[in-house]
Amino acid sequence: MTLKDIAVSRRSIRQFTDEHIPDETIRKILEIAAYAPSSWGGHPMEYIVIRDRTTMRKLGRCKAMGAGPLAYGDAAIVPIINADGLELWTEDAAVASTYILLAAEEYGIGACWIHMKDRRGHTGTAEEDIRDLLGIPSHYRILNAVSLGMKKTQPAPRRLTPVIRKEHY
Ligand SMILES: Cc1cc2nc3c(=O)[nH]c(=O)nc-3n(C[C@H](O)[C@H](O)[C@H](O)COP(=O)(O)O)c2cc1C
């Protein structure tokens, strides 16, 4: 598949089969994410990979609404970033997460971005709930999580075209 094929066929997948994703495939996805560009070239991203079902269920409850795919996937990735003095941590996390989504598609794995930053959790913010659940230090920030699983459905590719203005608005 070319990058164009991957970009076109990638869709958010929220329903998964019971099939197991090999650990090695998740590792390969994160090896691609490691090449994401980052502010100041610091490559600051770290990833918590969760396969334990109980933890995944709890993770799915860390956001008050809309985090169901995390609970019912085969795995979840929580990208975390030490944001101390890192003005552009949100952007770094977003770019790396986008690489994860594209890499997952390359390996035929369904994935969905589940947003966390500025979202309500059950006891505090979604970020605070995730930090508590996973033992993440407070100087780390969490933009989102990514649920992963074998695709139960394959939504049709969208037909999208860029809005391009030539030379000026
Ligand atoms: C910044 C951002 C936040 C998102 N948050 C969620 C979310 O919390 N829950 C969810 O199910 N999908 C979430 N998504 C997935 C979008 O709903 C999805 O990408 C969008 O509807 C387009 O569909 P597609 O990914 O199939 O092309 C998010 C995507 C982005 C980029």
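Of the residues in region 112-135, how many are part of a loop (DSSP other than H, G, I, E, B) and buried (at least 18 other Cβ atoms within 10 Å of the Cβ)?
The total comes to 3.
I'd like the full set of residues that are over 15 Å from Ser147 (Cα atoms) and crowded, with 22+ Cβ neighbours inside 10 Å, limited to region 91-105.
Within region 91-105, Asp92, Ala93 qualify.
Looking at region 137-148, which of its residues are away from the ligand (no atom under 13 Å from the Cβ), crowded, with 16+ Cβ neighbours inside 10 Å and among the hydroxyl-bearing types (Ser, Thr, Tyr)?
The answer is Tyr140, and nothing else.
Of the residues that make up region 151-160, is at least one outside any loop (DSSP other than H, G, I, E, B), at pLDDT 95 or above and under 15 Å from the mean Cα position of the chain (by Cα)?
No; the residues of region 151-160 include none that is outside any loop (DSSP other than H, G, I, E, B), at pLDDT 95 or above and under 15 Å from the mean Cα position of the chain (by Cα).
Would you pick out the residues in region 149-169 that are among the aliphatic types (A, V, I, L, M) and more than 13 Å from the ligand (Cβ to nearest atom)?
Within region 149-169, Met150, Val163, Ile164 meet the criteria.
For region 6-48, which residues satisfy the criterion of being farther than 18 Å from Asp74 by Cβ, out of contact with any helix residue (DSSP H, G or I) (no Cβ under 9 Å at 6 or more places or on another chain) and among the acidic types (Asp, Glu)?
Of everything in region 6-48, just one residue is farther than 18 Å from Asp74 by Cβ, out of contact with any helix residue (DSSP H, G or I) (no Cβ under 9 Å at 6 or more places or on another chain) and among the acidic types (Asp, Glu), namely Glu46.
With the requirement that a residue be among the hydrophobic types (A, V, I, L, M, F, W, C) and either part of a loop (DSSP other than H, G, I, E, B) or in contact with a strand residue (DSSP E or B) (Cβ under 8 Å, 6 or more places away or on another chain) (or both), what does region 95-111 give you?
Within region 95-111, Ala96, Ile100, Leu101, Ala104, Ile109, Ala111 meet the criteria.
Condition first: out of contact with any His (no Cβ under 9 Å at 6 or more places or on another chain) and away from the ligand (no atom under 16 Å from the Cβ). Can you find one or more residues in region 8-18 that meet it?
yes
Please enumerate the residues belonging to region 112-136 that are within 29 Å of Glu19 (Cα to Cα) and near the ligand (Cβ under 9 Å from one of its atoms).
The answer is Cys112, Trp113, Ile114, His115, Met116.
The values are calculated or read from the model by the stated rules, or taken from the named source; none is laboratory data. Predicted model only: the values in this text are computed from it and were never measured. So basically every Cβ, Gly included, is an ideal-geometry build from the backbone, and we count neighbours across all protein chains shown.
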